[in-house]
Amino acid sequence: MNKPDRSAVVRNDHIDNSQAAQSGFTRRDFLGTTAAAAVTLWLPRSLRAQGTTASNDKLTVACVGVGSQGLRLMMDLLRLHEVQVVAVCDVNRGNSDYVEWGQNELRDKVRNLLNDPGWGANLTGPTAGREVARDVANAFYAKKHAAAGYRGCKAYEDFRELLDKESDVEAVTVSTPDHWHALIAIAAMREGKHVYGQKPMAHSAAEARRMAEVAQTSKRATQVSVFNSASPVSKFVIKALQDGIIGTVRKVDIWTSRASAYWKQGLATPTQIDPVPAGLNWDMWLGPAPSRPFNRIYQPFVWRAWYDFGCGAIGDMGEYGFDTITRALQLGAADRIYASSTDLYPECYPVASLVHFRFPEKAERPAVELTWYDGGLKPSRPAELDPSIEMGVDHEGILYTGDHGKLMTGYMADNPRLISPSGSVSSPMPALPETRDLFDPAHPELGESAAGALALHYREWVEACRGGAPAQANFTFEMPIVETLMLGNIAVRTQEVLEWDESAGRLTRGSSKAQALLDPPYREPWAKFARNS
């Protein structure tokens, strides 16, 4: 990868040896105090001889993108004994207008992590960004190791500078808006870093292919944030369907209440220019996307609605549901896709859409017809289903129709129920033993940050980074899923019938507009950076 242009990179404050000596505790002290230990820890894991890993070895991780979702991810990783977060990166220095899942959710997560009930008392709202994330990481390690002067986590504005300077980083997480996912992940893998990325894995079908190809050639461990791939209930549904609980499945319906329940879509492009918030590098936030003036309608979080930055509802939620379906029915990419929707807009996804996917016949099964519904749309209610029974769970769900019956689940495969011909429902799933999978068993006061499936999901990736089995939601497995989802978005935008040759990676039916949307160009300097990285 070419070295970054120093003049184009904002430098972060670094800690020199004198500062480290005064602080009394740095990340290098944490990682190993002897020269031999340091050499072992800083070598790329692929170059280490077997049996040389020190007992205090940690997977050194840099978190790129530490807005609200990235901050949540970083806090989960801090809880893992196997991980050491050594750097963070974000184009936003920090502010207090991020989106959270409940009142004071982010603030309370930090308080819980640090066991500090007073943290953030003066904040005006949900707060995140690179300086906040850096300070949280340093405070966590300082408290954990009784070293008040700990300054081992650095903050960067530009991921290129991070990759250039952080030679001890072994793995990178990418929690940026969708249009940055592929470019950062590919650059990191080519620098020898393992990668954990947020869903959707990519912003286009071509990006998904490139990410999988680079992961394979670089032999880096990858994982997409499809945590339900590790959940016991998802595994049960997969096995039950493969064992023929409803016979051969020929039809699947999947629906979500997004986007309307979480952010607006179907919007006209704004003409007003708003002032760029202090501390935000707007041009860097745009990155490979076309340049445009700043407007609050684009962020935070609501960037998902816009073609240039997000992938709409199917990008936000599709990979979760399709992951279970793909494993259960052994699907690849769809070969025929068409869509209908509410009114289309030049730069924004519609309020609601319905997308039909056909997955071709294979030796072990017939063709599968899958229909996606978003924006509050739902499939027809099964005629036999009792009117008092909710479709799915919380307005979202999946309905499998087989030759011998129907299986209905929540969106993440939760609450699986068989629908009988009489209209009653029953659960085929045996009771699961209660488990308590703390992120940090040595500190019970931290509590559980997420479900046990999520902790297992992270640890799968960590073990893959250490040379273990590939994580389940790795880039290679997820590639045809994401490719299919991105083709669905092209069908929405063009309202055409598309036909896809998975083996060749090309459209055999589709207009020039559809062809162009397979791989939208990056603006400079990012097009050149992508070619040279």
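Just so it is clear, none of the values below were taken in a lab; they were calculated from the coordinates. If you're wondering where the values come from, they're calculated on a predicted model, not measured in any experiment. Methodologically, a virtual Cβ is constructed for each residue, glycine included, from the backbone with ideal geometry; neighbour enumeration extends over all protein chains shown.
The table that follows gives values for the structure above.
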quantity	calculated
Cα extents of the stretch 43-188 along the three principal axes, largest first (Å)	49, 39, 24
Length-normalised contact order of the stretch 185-281 in % [C-alpha pairs under 8 Å, at least 6 apart]	22
Estimated distance in nm for a label pair at R358 and D501, the labels positioned 7 Å out from Cα along Cα-to-Cβ	1.8
Virtual spin-label span in nm between R250 and S96, 7 Å along Cα→Cβ	6.0
Net dipole in debye of the chain [+1 Lys, Arg Cβ; -1 Asp, Glu Cβ; about Cα centre; nearest 20]	860
Mean residue ellipticity (222 nm) of the chain, computed from DSSP H runs ≥ 4 via -39,500 (n - 2.57), nearest 500	-9500 deg cm²/dmol
Contact order normalised by residue count of the chain, Cα under 8 Å, 6+ apart, percent	17
In Hz, Karplus ³J(HN,Hα) per residue of the stretch 353-359 (6.51, -1.76, 1.60; θ = phi - 60°; x = Gly, Pro)	8, 9, 10, 9, 10, 10, 9
Cβ-based exposure ranking for T173, T217, in which fewest neighbours within 10 Å come first	T217, T173
Under the Karplus curve 6.51 cos²θ - 1.76 cosθ + 1.60, θ = phi - 60°, whole-Hz ³J(HN,Hα) for the stretch 523-533, x wherever Gly or Pro sits	7, 6, x, 6, 5, 5, 4, 5, 5, 8, 6
Span-like helix ranges in the chain, DSSP H, alpha carbon extent 27 angstrom or more, Kyte mean at least 1.0	none
Whole-Hz ³J(HN,Hα) from phi, Karplus 6.51 cos²θ - 1.76 cosθ + 1.60, for the stretch 243-252, glycine and proline x	7, x, 4, 10, x, 5, 8, 10, 8, 9
